[in-house]
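What follows is calculated from the coordinates using simple rules that are stated; it is not laboratory data. In this text, all values refer to a predicted model and were calculated from it rather than measured experimentally. Virtual Cβ from ideal backbone geometry, glycine too; neighbours counted across all protein chains shown.
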Protein chains: 2
Amino acid sequence: MATGRNHRPATRSRGIPEATVARLPLYLRALTALSERSVPTVSSEELATAAGVNSAKLRKDFSYLGSYGTRGVGYDVEYLVYQISRELGLTQDWPVVIVGIGNLGAALANYGGFASRGFRVAALIDADSSMTGKQVAGIAVQHVDDLETIIDTNGVSIGVITTPGGAAQQVCDRLVAAGVTSILNFAPTVLTVPEGVDVRKVDLSIELQILAFHEQRKAAEELAQEPPSAAGLPAASEGRRGDQGPDGDIPAVMPA
Amino acid sequence: MATGRNHRPATRSRGIPEATVARLPLYLRALTALSERSVPTVSSEELATAAGVNSAKLRKDFSYLGSYGTRGVGYDVEYLVYQISRELGLTQDWPVVIVGIGNLGAALANYGGFASRGFRVAALIDADSSMTGKQVAGIAVQHVDDLETIIDTNGVSIGVITTPGGAAQQVCDRLVAAGVTSILNFAPTVLTVPEGVDVRKVDLSIELQILAFHEQRKAAEELAQEPPSAAGLPAASEGRRGDQGPDGDIPAVMPA
DNA sequence: CCATCTTTGTGCACGCGTTCACAAAGACAT
DNA sequence: ATGTCTTTGTGAACGCGTGCACAAAGATGG
Ligand SMILES: NC(=O)c1ccc[n+]([C@@H]2O[C@H](COP(=O)([O-])OP(=O)(O)OC[C@H]3O[C@@H](n4cnc5c(N)ncnc54)[C@H](O)[C@@H]3O)[C@@H](O)[C@H]2O)c1
Ligand SMILES: NC(=O)c1ccc[n+]([C@@H]2O[C@H](COP(=O)([O-])OP(=O)(O)OC[C@H]3O[C@@H](n4cnc5c(N)ncnc54)[C@H](O)[C@@H]3O)[C@@H](O)[C@H]2O)c1
């Protein structure tokens, strides 16, 4: 059941909190950039700024991994890159399949950021027979009939779903039955999966709606605070300006 | 500063918790589906299942909006659709610009799910002069030189960034200076914005890394629990099977 | 009008995540 | 060796989010 009644604290993956896990990739990216600039060490303060988080939070996050810093100096960049990579399981290769090679699926297939970490597009799968055999991003699209074989042959455990919403659950079921235990879902559907299977979803529409909510609230707040101060300003059709509002209160960056 | 030192509780947008706001689109989607099937009313239990959440959570979420249910009956679907739409600001039209019309930008432009709610692609913007004037999803791509004019003319307050990472901050700065106060960022970059501007990010790479972490953990757990029980099973090269693991503990669905 | 039954709305307790603030650790200079 | 200075690692407090469990509300039937 996707409702996910969690018996256990839900996050004792070996003591590493879920929120911390979600930030590790962020740290890793910042560290990789430093590594490329041959910076040997970095303080929690510097790294936190680069990653867009609080330095205390970063230190606590790292403390779950172990004591990898040196007091008075900071963290060794290379060493930390390795430790985080290992913790995230990026030292091994992760074959990934993308199911549904339409606009979005093709874009993902073409995305270079995949291979940069341990992820490799093992196969592209689509139900449209006229797509079969066509090259997308240098990989031949295969038919969904062969899904099970493809998963098995390549030892795939991570699947990406970019089919229309209507087909998502069905595709998900087949992926899971074939052995996939992690799914990244781009379709606007609530997937139901057995226990032990992780689903993460990316939903553009939801993100926009959340932004719209705050946008509306900002507009209302501005309107509510405007009259007392400058009441007789020219009633332009567009009252919007490039300023930063009366006082922001929403954290600008949110972990996905 | 994107670090977002929050003076206020960070979420008293008028009492509606941020976590609730993030779920409203989910409820709205489920309700819309019911509406299309002409279902007049729905109980919290049914709707919660459809949205993939706990029914108590759903009721509490709705309680922030007001008392829109009828005890013993449930919620009026149409009425709730309207109330949530209004709360999210979807009763008005939101012009959106997409900056960076490459693989991903083009896919988003072609995405139908945009218009379904109040979002309208007002303009497509790219820095590549050879793209200027080209039609993508029926809309002519405009040059980034005209960004400010486009924002202003169309009264755009929401921008989507799909440029390479290196250009994202620069594009963001221009969008903000031109009056955009909400940004959806697909580039793998931590954006720094002034207070009052909301940034949400969608990061495929991070999602995959989080999945990889759990995947690795599941594999380790399986290995640690296997030996005591069935030690002498055929040492196949692939020990992975389609079962549901010893015990899942991660909530399958996570709000972005 | 009353009894029963369903379903909402919420008080309450609990746990996770965040942040502060500081003691301990170690580098580095003298 | 000793002192100073920087920065880590973490104890503790607090606030947000979640889920249980139940009283109140209202529908429905007799
Ligand atoms: N395009 C976007 O920017 C975007 C954004 C957010 C969400 N989404 C979602 O992503 C999904 C894909 O969007 P898109 O624009 O690429 O759509 P699309 O129609 O271009 O592509 C869908 C592809 O899936 C294939 N397909 C259909 N049923 C299948 C099945 N059972 N098995 C395998 N393949 C199947 C189709 O042949 C097609 O190639 C949709 O659910 C959409 O809502 C898209
Ligand atoms: N393609 C994906 O699936 C995917 C997935 C996750 C993240 N991303 C990220 O999304 C971004 C876009 O990815 P893509 O695959 O579409 O890349 P792309 O190279 O295909 O497209 C980038 C586009 O941005 C334009 N551009 C560059 N600088 C610009 C500027 N200053 N102003 C306006 N436009 C500019 C380029 O001309 C190009 O058309 C990247 O940051 C990438 O890391 C992509």
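Miscellaneous remarks
- When Rg and Dmax are taken over the Cα atoms of the range B:1-144, they come to 19.4, 62 Å.
- Residue of chain A nearest the A-to-B rotation axis [by Cβ], rounded angstrom distance: A:A107, 2
- Efficiency of FRET between A:E222 and A:E45 - r from beta-carbon atoms, R0 51 angstrom, step 0.05: 0.90
- Note on A:N54 and B:T132: with the Förster distance fixed at 45 Å, the Cβ-Cβ geometry gives a FRET efficiency of about 0.60.
- The simple spin-label model puts a point 7 Å past each Cα toward its Cβ; for A:E18 and A:D152 those points are separated by 3.4 nm.
- Value of relative contact order over the range A:94-205, rounded to a whole percent, pairs C-alpha under 8 Å and six or more apart: 24 percent
- Charge tally in the Cβ shell below 11 Å around A:T132, where Lys, Arg are +1 and Asp, Glu are -1, A:T132 excluded: -3
- At full extension, B:H143 and B:Y64 could sit 24.1 nm farther apart than now, given 0.36 nm per residue minus the alpha carbon distance.
- Here the relative contact order of the range A:66-146, from alpha carbon pairs under 8 Å that lie six or more residues apart, stands at 24 percent.
- Long-range Cα-Cα pairs in the range A:94-205 (distance over 20 Å), rounded percent: 33 percent
- For the range B:20-67 and the range A:166-204, distance of Cα centres in Å: 21 Å
- Measuring nothing but how far apart in sequence close Cα pairs (under 8 Å, 6+ apart) lie, relative to its length, the range B:18-87 scores a relative contact order of 40 percent.
- Pseudo-label separations to other copies for B:K134 - Cα-to-Cβ vector, 7 Å, nm: 1.8
- Rg over Rh for the range A:18-87 works out to 0.90, using Cα positions for both radii and the Kirkwood form for Rh.
- Footprinting exposure proxy ranking of A:T70, B:T49, fewest other C-beta atoms within 10 angstrom first, gives A:T70, B:T49.
- Considering all different alpha carbon pairs of the range A:178-217, the Kirkwood hydrodynamic radius works out to 11.9 Å.
- Residue exposure proxy: A:I16, A:I161, ordered by other Cβ atoms within 10 angstrom of their Cβ from fewest to most, comes out as A:I16, A:I161.
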